[in-house]
Amino acid sequence: MSWSFFREFIFNWKSVGAVAPSSPMLASLIADSANISAARQILELGPGTGPITNAISKSLSSNTHYLGLEMNESFVKQLREKFPVMQFEAVAAQSFDFDTVLGPDGSFDAIVSGLPWTAFPESLQIAILDHVMARLKPGGLFVTFAYTGFHQLPSGRHFRKLLSSRVAELKTTHTVWGNFPPAFVYIAKMKEAATASH
Ligand SMILES: C[S@@+](CC[C@H](N)C(=O)[O-])C[C@H]1O[C@@H](n2cnc3c(N)ncnc32)[C@H](O)[C@@H]1O
């Protein structure tokens, strides 16, 4: 049990959205699905205490830059302690706050999200996806998880529809039953860049 995570859930249950961090099994499935070893710029949304960040760190190339946007300052402090290496940048910011963090031009090969989409109102789902998907490179991957069963709630269905309408391909994985609660992964792929024809 991660008490620091549970404590943040008690005080900020709407944004934390889970009573426990993702299990190592779910975190590895997410990192594998995002093809981390091939990425040069990686963005993680809502890294929390860093279970997915840890899985990412295992396949990260030395010249890859990782940016984590986490709105909870206590989690950001923990992330900086756990991942002190220069290539890991953890910033206390909202998921769509790129302009203050990156400026207008940054883009990513892979975006990994641990955000509690089903707990968000539709307006927030749209606001975040609109900002984030605009920063994904052609052919880039957006990977996120959903708690099995909760994904059938109206907000879960709405999220899937929103995501699917923004990408060329949307796949789902098997459920990781050992996670609490059990969860599966959405793997969304952006359209490849059009190649010039003569
Ligand atoms: C369900 S927890 C997942 C934490 C971690 N990724 C994991 O898998 O264990 C959601 C995390 O997203 C963060 N979060 C929620 N809304 C956010 C937002 N709009 N911008 C940035 N972080 C957010 C919360 O503070 C929390 O750390």
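Which value, in debye to the nearest 20, describes the size of the charge dipole of the range 23-189 about its Cα centre when Lys and Arg Cβ atoms bear +1, Asp and Glu Cβ atoms bear -1, and nothing else is charged?
Computed about the Cα centre, the dipole is about 440 debye.
Take the alpha carbon atoms of the range 61-135, find their radius of gyration, then divide it by 2.2 N^0.38 Å using N residues; give the quotient.
In units of the 2.2 N^0.38 Å rule of thumb, it is 1.14.
Select from S95, F9, S155 the residue farthest towards the positive end of the dipole of the range 1-159; place +1 on Cβ of Lys and Arg, -1 on Cβ of Asp and Glu, and compute about the Cα centre.
F9
Compute the length gained on full extension between A168 and M86: take 0.36 nm times their separation in residues and subtract their Cα-Cα distance, giving the result in nm to one decimal.
26.2 nm
Can you give the convex hull volume per residue for the Cα atoms of the range 94-198, as a whole number of Å³?
Per residue, the Cα convex hull of the range 94-198 comes to 115 Å³.
Taking just the C-alpha trace of the chain, give me its Rg and Dmax in Å.
Taking only Cα atoms of the chain, I get Rg and Dmax of 15.9, 61 Å.
Dipole of the range 46-135, Cα-centred, from +1 at each Lys and Arg C-beta and -1 at each Asp and Glu C-beta, to the nearest 20 debye? Write out the running numbers ahead of the final one.
Working: 5 positive and 10 negative charges, 80 e Å.
Roughly 380 debye, rounded to the nearest 20.
Just to check I understand the Karplus step: with θ = phi - 60° and J = 6.51 cos²θ - 1.76 cosθ + 1.60, what whole-Hz values come out for the range 32-46, glycine and proline as x?
Going residue by residue, I get 4, 5, 8, 6, 4, 5, 8, 8, 9, 10, 10, 10, 10, 9, x Hz, with x marking Gly and Pro.
Say each of A134 and S37 gets a label point 7 Å from the Cα, pointing the same way as Cα to Cβ; how far apart are those two points in nm?
3.5
Which entries in the list K82/K191; K58/K137; K82/K171; K58/K171; K14/K191; K77/K137 go over 27 Å, if you measure between the two C-alpha atoms of each?
On the way: K82/K191 35 Å; K58/K137 23 Å; K82/K171 31 Å; K58/K171 24 Å; K14/K191 33 Å; K77/K137 29 Å.
From the list (K82/K191; K58/K137; K82/K171; K58/K171; K14/K191; K77/K137), the Cα-Cα distance tops 27 Å for K82/K191; K82/K171; K14/K191; K77/K137.
Take the alpha-carbon centre of the range 1-73, take the same for the range 132-187, and report the distance between them in whole Å.
The range 1-73 and the range 132-187 have Cα centres spaced 15 Å from each other.
Picking from V143, A39, L69, whose Cα lies most toward the positive end of the charge dipole for the chain (charges on Cβ: Lys, Arg +1; Asp, Glu -1)?
V143
Calculated from DSSP H runs of 4 or more alone, at -39500 (n - 2.57) each and per residue, what is the 222 nm mean residue ellipticity of the chain, nearest 500?
Estimated from H runs of four or more residues: -9500 deg cm²/dmol.
Mind checking the full-extension length gain between A127 and T100? Use 0.36 nm per residue of separation minus the Cα-Cα distance, one decimal, nm.
On the way: separation 27, 0.36 × 27 = 9.72 nm, distance 1.62 nm.
So the chain would gain 8.1 nm between A127 and T100.
Which of the three applies to the range 143-186, rounded, prolate or oblate, going by the alpha-carbon gyration tensor with a ≥ b ≥ c and a/c under 1.5 meaning rounded?
Values: a/c = 3.14, a/b = 1.49, b/c = 2.10.
Because a/c hits 1.5 or more and a/b fails to exceed b/c, the range 143-186 counts as oblate.
Read the figures in this text as sums done on the coordinates, not as results from a lab. As the structure is a prediction and not an experimental result, all values here were calculated from the model. Glycine gets a Cβ as well: all are built from the backbone with ideal geometry, and neighbour counts include every protein chain shown.
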